[in-house]
Each structure stands twice: as C-alpha cells, then as structure tokens.
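Derivation of every value follows stated rules applied to the coordinates shown; laboratory data play no part. It should be emphasised that the depicted structure is a prediction, and the values quoted were computed from it without experimental measurement. In this analysis, Cβ positions are derived from the backbone assuming ideal geometry, glycine residues included, and neighbour counts consider all displayed protein chains.
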Amino acid sequence: MVALTLPVPDDEDAPAVLRATAEGALLGAYRFAGYKTRPQPTRRPPVTSVAVHVPDAGDERALAEIARATVVARSVGQTRNWVNTAPNELRPPSFADSVAAAAREAGLGVEVLDEHALADGGYGGILAVGLGSSAPPRLVKLSYDPAGAGSDKPAKRVALVGKGITFDTGGVSIKPAQGMWEMKSDMAGAAAVAATMLAIAELRPAVAVTAYLPMAENMPSATAYRPGDVVTMYNGKRVEVLNTDAEGRMVLGDAMARACEDGCDYLFETSTLTGGQVVSLGKRVAGVMGTTELCLRVQTAGDATGEPTWPMPLPDDVRKGMDSDVADISQVNASMDRAGHMLQGGVFLREFVTDDVSWAHIDIAGPSYHSGEPTGYWAKGGTGVPVRTLLELVEDIAANG
C-alpha cells in the first residue's frame, strides 16, 4: 500500500487538489502484466492499493473525488492495457470483441459491423485499409443514453471517434523496420475512446455520447490497396490514394461521416495520425485542429487534466495541395510534399464533417505512447492520453452545453 497525506485547502481548490493527487497516485502505480514466463526481480513491489489521508474522511466532496479518480484511473489503465497488448493478440476482430464485451458489461449499447456489413454499408475507406490483412476490419459503435442522469433538459449529443489500426506496417508504402514494433500502438485513439465510454457509463453525465471505432490492420499483401487506387468513402466522396501509409485518415473519414449522419452537436476525434505531430509539437503536446471555438475548449480541458494540446490551423493552401486530377481529394499532398504534414491530416478529415457539426481532431501520435523509462505518472508503453481530456470535455458539455 502507498499512503499519501497532504494538506487540502479549505476552499474551492480542494476538489481539484484531491483529484490530481488521487489520479496521479493511481496512474503512477500502473504496471502492465506483460508476457514474461518468470517474475522479474524488482527493487520495489507493485503498488496494490493507495490511501489518501485528508482532514475529514467523511467529507462528501472528498469521497466523490476519490470515487471519480478511481473510475478515471481504471479507464486509463484499460486504455494502456489495450495499447500494450501484443499485436498478434489484438487484431481487428479480437479488439472489437474485447471492446464490445467490456461495453456490454458496462451497460452501453453496442453495434459491431463486420466486413460484410461494412461492404453493404459502403464503408470504402475502412474496407480499403483492411484489404491486405487476413484479419478483416470492423466498425464498433458504442452508445450511452443519459436517461436518469439527473437532468430534465434536452441532452446535447457528443460523438467520439478513435482510430483503431491494430498494427500499421504502412502497407505497400511500407515503413522502415526501425521502430516499427511501436506501431502496435496505432490503435491508441480507439482504445482511449472505448475506455472513455466505460468511464462515462459509470459517471453518468447528462449528455448523450456515441463512439465510433474503425478497426483495421494495415498490411502489405497481394490483396492490399495500392497507391493510385480511387476509393469511394461512406459519404460518397472519392479519394485518390497516393500513400497507403496514410491509412488512418481513410478509416476515420468513414467513421466521422457516419457520426455526422447519425446526428451530433459536437464531434471529437482522436488518433495517432501523423509523424508530423511529433516533429511539430514533440511527444507530450497533442495537435488539435477543427472548429476554432472547440479547439480552444479542447486546449482548456487538456490544460486542466495535464494532457496539453496546441491548436493548429487548416490553411487553404494545404487543401489546394491535396487536389486530385481524378478524384475529389487525394489522401496527402499531390506532390508528396511533407510540408504541413500534420495539417494535411486535419484538412482531409474536414471533408467528412458536415457544416452543422462543431468538431475537433486531436493528433496524439506522440503523447499516446511513451518509449522511454517511466516518468511521472507515465509508465513505459501506452499512456492513456487523451482519456482524461475527453472525459473533461464530456462533463463540461453536460454542465454548460
């Protein structure tokens, strides 16, 4: 057991201090079980429980914050577990099954589209990316109904979308071998969104939330999609494929178009989308693009939870560079210019959001996976970013619209 004693201020800052302390302790105690056949010697045993000592253990605010921190830490831990799982054990069908089972147990609505349903529904982007793998793609939809959550006002509708590429070789446009093993984390966005939904099911905010998790494995094979292919997306737009390693935006475009079709007031999408995010902002700060007001709201939520983001523009000249001679848009800059690479991803995704929806794309290519030694409350491997940001946003929308 780890016991923490701290002076809690007797003012409006007390809940925030207690929340940060409890979350930090629980997240810092996380360890992935791993696959070793023998226990490894360690200088300290794993933490099995955390006790936080406060002036009044019966204080209702303190109890509420501890309860919430436990839910949040459990959800972040679940995200980390999914991200850290070996990719041979978490291919699209098994990932979908794992998410669906956890969601049903939590009382969420669950719909899983297999490759046949995806073909019938016209999800060209998800299907194209999954063509090269023997493990077919999936689209998982999770639904939370706020009925009984304590509000008689009409609930706002929030859509969460997360990229679920269970392993990314780059496909025909194959990646360098160095560091490719970390591409097991290319489903971190879907893992974070799924785990956020599990927390929402427990915290029960007064807002309707629906999640869309497109899952595929991007592999090179005789059946893989190719540079030069033209793919018809769910919303009918046709995309010229120039780089099969720009696969995330293909699956996300379908999922975001479906979310808008189903109806939502706000759309938050998160993904390990571009190496350009790491080049621009490093491994701690996520890039956020989309509706200006909502991007600033994401930034505020990230600052409050210790998951910083930075708003980025969507310039017209970047969109012009993605004009295609044969289709509505190309995946990447038609000259294969990597300038503004992160922005190209945001510009592409904008094509799949309807004008009446306020949206934000959160690129977590760097912050979702920590390859160094443990630091702060991050263990090596999956970090669980941006579960706490998404929860903060959902609860803020429930409270303030």
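Within a Cβ distance under 12 Å of ASP337, other residues only, what is the Lys/Arg minus Asp/Glu net charge? Write down the numbers at each step before the final one.
Working: positive: LYS320, ARG338; negative: ASP317.
The answer is +1.
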Using only the alpha-carbon atoms, how far is helix 188-203 inclined from the longest principal axis of the chain? Give it as 0 to 90 degrees, nearest 10.
40 degrees
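Sorted by average packing, counted as other Cβ atoms within 10 angstrom per residue and highest first, what order do 258-267, 110-119 take?
258-267, 110-119
Gain in length, GLU111 to PHE32, computed as 0.36 nm per residue apart minus the alpha-carbon separation, to one decimal in nm? Mind showing how you got there, number by number?
Numbers: separation 79, 0.36 × 79 = 28.44 nm, distance 2.88 nm.
That works out to 25.6 nm of additional length.
What is the packing order of peptides 101-108, 155-162, taking the mean over residues of other C-beta atoms within 10 Å and listing the highest first? The partial results should precede the final answer.
Details: 101-108: 15.9, 155-162: 25.1.
So the order, starting with the most tightly packed, is 155-162, 101-108.
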Treating the angle as unsigned and between 0 and 90°, give the value, to the nearest 10°, between the Cα long axis of helix 60-84 and the longest Cα principal axis of the chain.
40 degrees
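Among MET342, MET250, which comes first, second and so on when ranked by fewest other beta-carbon atoms within 10 Å? Intermediate values should be presented prior to the final figure.
Working: MET342 24, MET250 28.
Ranking MET342, MET250 by Cβ neighbours within 10 Å, fewest first, gives MET342, MET250.
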Summing -39500 (n - 2.57) over every DSSP H run of at least 4 in the chain, dividing by its residue total and rounding to the nearest 500, the 222 nm mean residue ellipticity is -11500 deg cm²/dmol
Going by C-beta contacts inside 10 Å, put TRP359, TRP310 in order with the fewest on the left.
TRP310, TRP359
Radius 13 Å from Cβ of PRO176, net charge of other residues (Lys, Arg +1; Asp, Glu -1):
-2
